[in-house]
Amino acid sequence: MCGIVGYVGDGNVYDILIKGLHRLEYRGYDSAGIALGTPSGKINIYKSQGKVSNLEDFCKDKNLEATSGIAHTRWATHGEPSDTNAHPHFSEDGNLALVHNGTIENYKVLKDALIQHGCTFHSETDTEVLVQLIEYIKLKNDCSLLDAVRMALKQVVGAYAIAVIEKNHPDKIIAARNSSPLAVGIGNNEMFLASDATPFVEYTNECVYLKDGEIAIIEKGEPLKIVNLDNRETQIDVTTLELSISQLEKGGYEHFMLKEIFEQPTTLRDCIRGRVIEGGKKIMLSGVIDGKEKFLNAKRIVIVACGTSWHAALLGKYLIQDMCKIPVEVEYASEFRYSNPILDEKDVVIAISQSGETADTLAAVKIARNMGAYVYGISNVVGSSIPRETESGTYIHVGPEIGVASTKAFTGQVMVLTLLALSIAQLKGTMTLEKISWLGEHILKIPSTVEKVLALNDKIERLSMKYTYAKNCLYLGRGFSYPVALEGALKLKEISYIHAEGYPAAEMKHGPIALIDEEMPSVIIAPKDHVYEKIVSNVQQVKARGGSIIAIVNEGDEIISKMADHVLEVPEMPECLTPIITSIPLQLLSYYIAINKGKDVDMPRNLAKSVTVE
Ligand code: G6P
C-alpha cells in the first residue's frame, strides 16, 4: 500500500502536498517524494527515505515554487526502501514524472522490451517501467500525454493508481486507476487528487471516486474530465463528503484495529495473489524456490518469533509437520538466543516478525546464520532488518498495521505459513497433487469466507456487553485451534487488560479447571475437525462446573451449540485452514470488550508496536 496526493491550483502546492502525505502515512512510511511542476516548464523532484518528516527536512532549502504537483508516501513492494526507489519517478528524458500505488504484475516483460528499445532504468521498481512505457509510447506516436497513458495502460496487467505530470503542461495531472483507490477533490478553481479523501477534506467536500479503468484529466481552470481507456467520456458522480478528518484517516472506522480487522478479506487477497495459481493447483512462493535445496534436505526446521508472531509460528509447526513431514521446533526468540542453541547447515530457521525489527528475533536470526543454518524470514515491512538479514523469505503484504494489537498481520502470517508448507510439500512430494489442489481451491475462497465471518460483527458487539466486566477468561482449543486460543487470550489481555489464558483444552483438567466457576467464562474454539469429539467432553467438563461458554463452531453444529451459552458460527473449511477463520471472531470480541471498558485499543498501555530493545 502506498499513498498518492496531487494538486493543481493557486494554493501553496508544496504545503498542500506535504500535509496530504502526512494524512496518508498510515498507508506506508518507508520513503516519500514530491514532484513540483514549475511555471517555467520544469519539474523538480525531491525524495527521501523514511517518513514524510524526512522529506520535509530535505526540502527546507529547495526551490518549492510550483503550480501543480504530485507526491507519494511509499510502502515498498518492488525494491527496498531507498531514495532511488522512492517515487516520483522521472521518464528517461525528464519530461514526465509519475507516482504509483499498486503492483504491475507483467512489469518484467514490459521492462525487458523497453530495455531492448534502449531504455535505461535507475530503480528496481515496477513504477519506473510505467513512466518509461508512457514516455516511449508518447515519443513513438507523437501523441498527447493522455493518449500515451491510455495506450500504456492497455498493456499493463496489475493493480494501479497513478498520477503523471508533464514538464510542458505544468497545470495538468493525468490520473488513472485499476484496483487501487483514487479520489479527486473539486475545489474552487483548484483540484486535488489522493488515495483517499483525507488530504483534501478541509478544502472541499466535493469528491469523485474514480472507478476501475477510468482516467481523470485534472487541469487548472477546466472542469474535471474523465474518460475510459478507449477515450470515451464517462459520467462523473460527485459525492458530498460528510466525514471528519479523524474518521477518514481510519477509513470511517473508529479505530485502526477495527479497520485492520475489517481489511482482512483484502489483505488476505493481497497475500495470496500470484502465489496460488492455476485455480489452486499450484503454489508458488519464490522464497521457497530460492531455498529449494535447503528445504528439501532440511533435517529440522526451527521457527523463532515473539508475541503474536510466535502464535503464528506454532501454527506453522502443525502445518509443516503435517504437510512436509519435517520435524519442527518453535522457540520464543528471546529464549532461543540464550539457550545455547544447537544448529548446523542442515537446519532451516524461519524467523517471523510483522515489523521485521523485533530485537530478539533479529538477534536469533544472526545467531542462526553464524551457526550455518539457512535462515528464512516472514515479514510485513519491506526492507526491514529481518528480511535484509535472512537468506530468503516471504512478505505477507498486508499493508501497514497501525493498531498495536496485531490482527491482519497474524492472519497474513498464517496464510504465508500455509503456502510455505504446501510449496515444500509440493517439492518433496509429501502430499498428493489432488490434496494440494483441493486445499489451493479452498485457499482462494478464504477472503470471501472471511467476509462472511465479519458479518458476525453486530452479534459479537452485543455479546461483548455480557463479558465486559469479567476478571478472568479461559480460551480453549485443541490441534489447530490451540494456537488460536493462545492468540485470542493475548488479544483480550493486550487491549482490555482482562487476565486471560489460552490453554490446550485437554490440559485444562491438569490445573485451570480449578479456576472455573460462574465468574470465569471460557471461550472454546471447536470447529468440526479430527479432535471435535474430544473437545465435546472438555465443554461438558466446563459446563459441569457452572462456567459460562462462548463457543466458536461451524455452521450447523448441533452438539456443542446445545451446551454453550453463546455460539458464534463460522463456515466450515479444511482443518488446516480453520485458524484464519476462527481467529477473526476472537479479534472482534476483544476489540468490543476493550471499547466497552473505555480502553485505548490502538495504543494500549505499556505496549509498543515494534519492540526494538531487548
Ligand atoms: C510487540 C507487539 C506485538 C507483536 C510482537 C512481535 O509485542 O505489540 O503485537 O506480536 O511485538 O512483533 P513482530 O513485529 O516481531 O511480529
Working carefully through the options VAL131, VAL164, find the one that is at pLDDT 95 or above, out of contact with any helix residue (DSSP H, G or I) (no Cβ under 6 Å at 6 or more places or on another chain) and assigned to a strand (DSSP E or B).
-> VAL164
Within segment 207-237, how many residues turn out to be part of a loop (DSSP other than H, G, I, E, B) and either among the acidic types (Asp, Glu) or touching a Pro at 6+ places or on another chain (Cβ under 6 Å) (or both)?
-> 4
Filtered residues of segment 578-614 (kept if within 16 Å of the ligand (Cβ to nearest atom) and among the basic types (Lys, Arg)) = LYS599, ARG605, LYS609
Where GLU575 falls short, out of the listed (1) open to solvent by 10 Å² or more (accessible area, probe 1.4 Å); (2) within 16 Å of the ligand (Cβ to nearest atom); (3) touching a Gly at 6+ places or on another chain (Cβ under 8 Å); (4) not basic (Lys, Arg) = (2)
Enumeration of residues in segment 537-552 that are outside any loop (DSSP other than H, G, I, E, B) and modelled with pLDDT under 95 = SER537, ASN538, VAL539, GLN540, GLN541, VAL542, LYS543, ALA544
In segment 402-435, anything away from the ligand (no atom under 16 Å from the Cβ), at negative phi and assigned to a loop (DSSP other than H, G, I, E, B) is listed as THR430, MET431, THR432
For segment 354-364, does any single residue satisfy the condition of being crowded, with 24+ Cβ neighbours inside 10 Å, under 23 Å from the mean Cα position of the chain (by Cα), among the hydroxyl-bearing types (Ser, Thr, Tyr) and within 24 Å of GLU401 (Cβ to Cβ)?
-> yes
If ASN606 satisfies every condition in (1) in contact with a helix residue (DSSP H, G or I) (Cβ under 9 Å, 6 or more places away or on another chain); (2) under 26 Å from GLU494 (Cβ atoms); (3) polar (S, T, N, Q) but one, which is the exception?
-> (1)
The number of residues in segment 303-328 that are away from the ligand (no atom under 16 Å from the Cβ) and under 18 Å from THR390 (Cβ atoms) is 2
Is it the case that some residue within segment 376-383 is within 24 Å of the chain's Cα centre (by Cα), open to solvent by 10 Å² or more (accessible area, probe 1.4 Å) and within 13 Å of the ligand (Cβ to nearest atom)?
-> yes
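The values are calculated or read from the model by the stated rules, or taken from the named source; none is laboratory data. Everything numeric in this text was worked out from a predicted model, so none of it was measured. We place every Cβ from the backbone using ideal geometry, glycine too, and count neighbours over all the protein chains shown. Accessible surface areas use protein heavy atoms only, side chains included; no ligands, DNA or RNA. Shrake-Rupley method; radii C 1.70, N 1.55, O 1.52, S 1.80 Å.
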